[in-house]
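Enquirer: Quick one: this structure, given as structure tokens, is what I'll be asking you about.
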Amino acid sequence: MQYGKPAEEKQMKAALIGAGEESLHTIQKAQELGVYVTALDGNPDAEGLKAADEGLTIDISDEKAVLDALQDRKPDFLITGPIGRYLTTAGAVNDALGLAGISRQAAEYCTDKYLFHKKLQEKNLRNCRCLLIPAEAAPAQAGDLARDFSTLQYPAILKPRYGSGSRGIFFLNNPRELEQALTCIFPENQDTAAPTEDYVLEEAAPGVEYGVDACMDKDRFRMILLRKKLITPPPARQAIGYLSVNPREDETQRLLWERAAAYLTETTALLGLKNCLLHADLMITENSIFAIELSARPSGHNLHNLFTPLATGIDMAEQYIRSQCNMDYTYEPAKTEKLLIHYFNLEQCRIKTIPQASQLRLPQGITLKAWNCRITPGDYMQKVTTGHSLMGRGYFILQSAPPRPSASETTETNLINAAHHILTQFETE
């Protein structure tokens, strides 16, 4: 299936590989700047196919098919939305067509969690044990595998080797839980739920988890926003909100920002990243920084397209497109507002009534910056276990005025308490 119209003769052309809902912002920004967008996705109903100037239904895991389609169209550059494993296809296209952007080898490091670990471990940028469990491991070996990992330090994380998000992740506290998880992944009856992918098992890093929005401006790393994550307790450890970190707020925040930027400058250079937007997840302690993952694509969950522009004044997608079109651009935040984006993490209850944005009771000093509630009366809120179980419900964004010098609460505390107060205004049963 194909949608679209031809490009004008002198119009700049961009291609987007993977055209789900979260690609719409990037497509819109490109079109606003006069760029002709060709989007490719294997799902004929992908929203980005219809939003783009030209939409092509092509399996994006098939590098040859994607390359065949784009060789005739001769894009000037690629744009990226939040994409998982097949970022490698974008890298292959860049290599074949000589376009600025991530290479296929760098994309492999970003999408293969085992290779990512091995590469960073070379320079002591990721200090933990990480073990590969191939898909072809026999089900009967589950117990043996657990015993083979007897020197592993707990807690540990078991997760799919490829892909992004919180899919299929096990948080493990002891060898018994590891054996149970391996039995779940590698069932004795191969005819039911047989494993189709590799897994990696690694020691969990200590610290507080942060997200990063950044870019590679040619070969220079630039951090745009550091976000502190609000996470549910183990085993789910699902992000239910993000707090912006303002390096101008105080010395502690400035040093935190500088440490994260220095670590990621070294990490991105090691991975060979150039000319791309970035998203990373970090664990940070007073003495260490550990990359959970890093990928050459923007963050999802209404972060890069909404939260980051509100907090910093920088629209990453727009600035990247401008840079590729030889227009004026900047990745330097003019500000960092103290904001919280929070998702509706109501659990194991049925919704009776939903507060209207205009009628919310907000604590003093708190401003509602955005409200997008997709919950309807009668909906049952399942337990939050993955991003998929949460993100479809919507979000809200709050801003806090600076606390009074004499106040005992911090800005972060004010925002978190305000979010909890808003959730109590849903009537449930």
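The values are calculated or read from the model by the stated rules, or taken from the named source; none is laboratory data. This one's a predicted model, so the numbers in the text were calculated from it and none came from an experiment. Cβ placement follows ideal geometry from the backbone for every residue including glycine, while neighbour counts extend to all protein chains displayed. Just so you know, the surface numbers come from the protein's heavy atoms only, side chains and all, with ligands and any DNA or RNA stripped out. Shrake-Rupley method; radii C 1.70, N 1.55, O 1.52, S 1.80 Å.
Enquirer: Pairs, please: C-beta under 6 Å, at least 6 apart or cross-chain, first residue of a type in the set (D, E, K, R) and at pLDDT 90 or above and in the range 392-406, second assigned to a loop (DSSP other than H, G, I, E, B) and open to solvent by 50 Å² or more (accessible area, probe 1.4 Å)?
Expert: Here the result reads ARG393/ARG374, each pair linking the range 392-406 to a residue that is assigned to a loop (DSSP other than H, G, I, E, B) and open to solvent by 50 Å² or more (accessible area, probe 1.4 Å).
Enquirer: If you take the residues of the range 331-350 that are within 21 Å of GLU412 (Cα to Cα) and basic (Lys, Arg), which of them is least open to solvent (accessible area, probe 1.4 Å)?
Expert: Across the range 331-350, the extreme among qualifying residues is LYS338.
Enquirer: From the list GLY42, GLY18, which one is free of Cβ contacts under 8 Å to residues at least 24 places away in the same chain and either surrounded by 20 or more Cβ atoms within 10 Å (Cβ to Cβ) or not hydrophobic (A, V, I, L, M, F, W, C) (or both)?
Expert: Answer to the selection: GLY42.
Enquirer: With the structure loaded, tell me whether GLN31 is open to solvent by 30 Å² or more (accessible area, probe 1.4 Å) and modelled with pLDDT of 95 or more or whether it fails that test. Walk me through how you get there before you give the answer.
Expert: Working: open to solvent by 30 Å² or more (accessible area, probe 1.4 Å): yes; modelled with pLDDT of 95 or more: yes.
In short, yes.
Enquirer: For the range 80-124, which fully contained helices (runs of 4 or more DSSP H) count at least 3 residues that are more than 24 Å from ARG322 (Cα to Cα) and either in contact (Cβ under 8 Å) with a residue 24 or more places away in the chain or hydrophobic (A, V, I, L, M, F, W, C) (or both)? Please lay out each step first, then the result.
Expert: Working: elements: 87-97, 104-111, 113-121.
Per the criteria, 104-111, 113-121.
Enquirer: Considering every residue within the range 351-367, establish whether at least one is within 30 Å of VAL37 (Cα to Cα), part of a strand (DSSP E or B) and either touching a residue at least 24 places away in the same chain (Cβ under 8 Å) or open to solvent by less than 60 Å² (accessible area, probe 1.4 Å) (or both).
Expert: Scanning the range 351-367, I find no residue that is within 30 Å of VAL37 (Cα to Cα), part of a strand (DSSP E or B) and either touching a residue at least 24 places away in the same chain (Cβ under 8 Å) or open to solvent by less than 60 Å² (accessible area, probe 1.4 Å) (or both), so the answer is no.
Enquirer: Among residues belonging to the range 51-79 that are among the charged types (D, E, K, R) and part of a helix (DSSP H, G or I), point out the one that is nearest to CYS215 (Cα to Cα).
Expert: GLU63
Enquirer: Let me ask something else. Out of the range 223-262, which residues are under 20 Å from the mean Cα position of the chain (by Cα), among the β-branched types (Val, Ile, Thr) and open to solvent by 30 Å² or more (accessible area, probe 1.4 Å)?
Expert: ILE231
Enquirer: Give the number of residues within the range 149-161 that are surrounded by 14 or more Cβ atoms within 10 Å (Cβ to Cβ) and at pLDDT below 90.
Expert: Matching residues across the range 149-161 total 2.
Enquirer: Between a first residue in the range 50-65 that is polar (S, T, N, Q) and a second residue that is modelled with pLDDT of 95 or more and buried (at least 20 other Cβ atoms within 10 Å of the Cβ), which pairs have beta carbons less than 6 Å apart while being 6 or more apart in sequence or on different chains?
Expert: Matching pairs, first to second residue: none at all.
Enquirer: Can you find even one residue in the range 162-172 that is open to solvent by 40 Å² or more (accessible area, probe 1.4 Å), at pLDDT below 90 and β-branched (Val, Ile, Thr)?
Expert: yes
Enquirer: Something else: Anything in the range 208-220 that is over 16 Å from LEU282 (Cα atoms) and either at pLDDT below 95 or surrounded by fewer than 21 Cβ atoms within 10 Å (Cβ to Cβ) (or both)? List them, or say none.
Expert: Within the range 208-220, ASP217, LYS218, ASP219, ARG220 qualify.
Enquirer: Another question, if that's okay. Taking into account only those residues within the range 368-381 that are outside any strand (DSSP E or B) and either under 12 Å from LEU398 (Cα atoms) or of a type outside the set (Val, Ile, Thr) (or both), which is most open to solvent (accessible area, probe 1.4 Å)?
Expert: Among residues in the range 368-381 that are outside any strand (DSSP E or B) and either under 12 Å from LEU398 (Cα atoms) or of a type outside the set (Val, Ile, Thr) (or both), the one most open to solvent (accessible area, probe 1.4 Å) is ARG374.
Enquirer: For the range 316-330, does any single residue satisfy the condition of being at pLDDT 95 or above, open to solvent by 20 Å² or more (accessible area, probe 1.4 Å), among the aliphatic types (A, V, I, L, M) and closer than 20 Å to MET216 by Cα?
Expert: yes
Enquirer: Please verify whether ARG361 is of a type outside the set (Ser, Thr, Tyr) and within 25 Å of the chain's Cα centre (by Cα), treating the condition exactly as stated.
Expert: On the way: of a type outside the set (Ser, Thr, Tyr): yes; within 25 Å of the chain's Cα centre (by Cα): no.
Considered against the rule, which asks whether it is of a type outside the set (Ser, Thr, Tyr) and within 25 Å of the chain's Cα centre (by Cα), ARG361 comes out as no.
Enquirer: Kindly establish whether MET327 is in contact with a Phe, Trp or Tyr (Cβ under 8 Å, 6 or more places away or on another chain) and in contact (Cβ under 8 Å) with a residue 24 or more places away in the chain.
Expert: Spelling it out, it is not the case that MET327 is in contact with a Phe, Trp or Tyr (Cβ under 8 Å, 6 or more places away or on another chain) and in contact (Cβ under 8 Å) with a residue 24 or more places away in the chain.
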